[in-house]
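A short worksheet on the structure shown next.
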Amino acid sequence: MTKETLMTQQTIDHFTASDSIGRANSNYTKVEEFAAFTRGRLCLDRSVWYSGQLMTFLATAEDTQGKFALIEAVARRGNDPPPHIHNREEEAFYVLEGEMTFSVGGQTIKATPGTMVCLPREVAHSFVIDSEQVRMLILLTPAGFEGWFKEFGVPAPAMTLPPQIEVPYSDIQRMLEAGPRYGIEFVKPERGGDDLSGNW
């Protein structure tokens, strides 16, 4: 093999290897690019009124390939959910403003600004809002349950809390029927325990 032929073959091998690496990197980049995004607060087009709360979807399954969802929620005293169990995702709450009390697996946890509370899947939990209002971040891992808030909420017409109204019985029935689709179970509080029956 002549020197020129050897150099030509080395050049071909180099670019063939480079092309293979490039294709691999290109595929890798395509996977990662779906997770690269930025979003700020106060996005009206990504906000809903849900059960007396204002919720803004900072990240959803579509943004994160289903890995997690992040929601900023503002709620007032009295907007307390009934005890329930998530069978698919963990929830983590990070309190930004206000005070809350969580009940999870027989524990009572007081949460003030700067407190994170992690609620494992398949464990009954609820919370009550102790202050007049609370602002918090809700992390769902994996994503998916944010669809519940979209289905049972309405597009927020303004970045304000919705009027205080009682959830209609028909909506409660729809929620109970939709529970299995979202992997959520509603449970009755034990007699004699704290009243965490809450709102819907």
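Every number in this text was worked out from the coordinates using simple rules, so none of it is lab data. A quick note: this is a predicted structure, and the numbers were derived from the prediction, not measured. Neighbour counts run over all protein chains shown; Cβ positions are idealised from the backbone, glycine included.
Remarks
- Extension gain for CYS43-ARG77 works out to 9.9 nm (0.36 nm per residue, less the C-alpha to C-alpha distance).
- Rounded to two decimals, the Cα radius of gyration of region 44-186 over 2.2 N^0.38 Å is 0.98.
- From phi via Karplus (6.51, -1.76, 1.60), per-residue ³J(HN,Hα) for region 50-66 in Hz, x at Gly/Pro: 10, 6, x, 10, 9, 10, 10, 8, 7, 8, 10, 4, 5, 7, 10, 6, x
- Label separation (GLU185 vs ILE109): 2.1 nm, computed from points 7 Å beyond Cα along the C-beta direction.
- The ranking of SER103, SER131 by Cβ neighbour count inside 10 Å, starting from the fewest, reads SER131, SER103.
- Karplus-derived 3J(HN,Hα) values for region 107-116, using 6.51 cos²θ - 1.76 cosθ + 1.60 with θ = phi - 60°, are 9, 10, 10, 8, 10, 10, x, x, 8, 10 Hz; glycine and proline are entered as x.
- Approximating the spin labels as points 7 Å out from Cα along Cα→Cβ, the ASP171-to-GLU97 distance works out to 2.3 nm.
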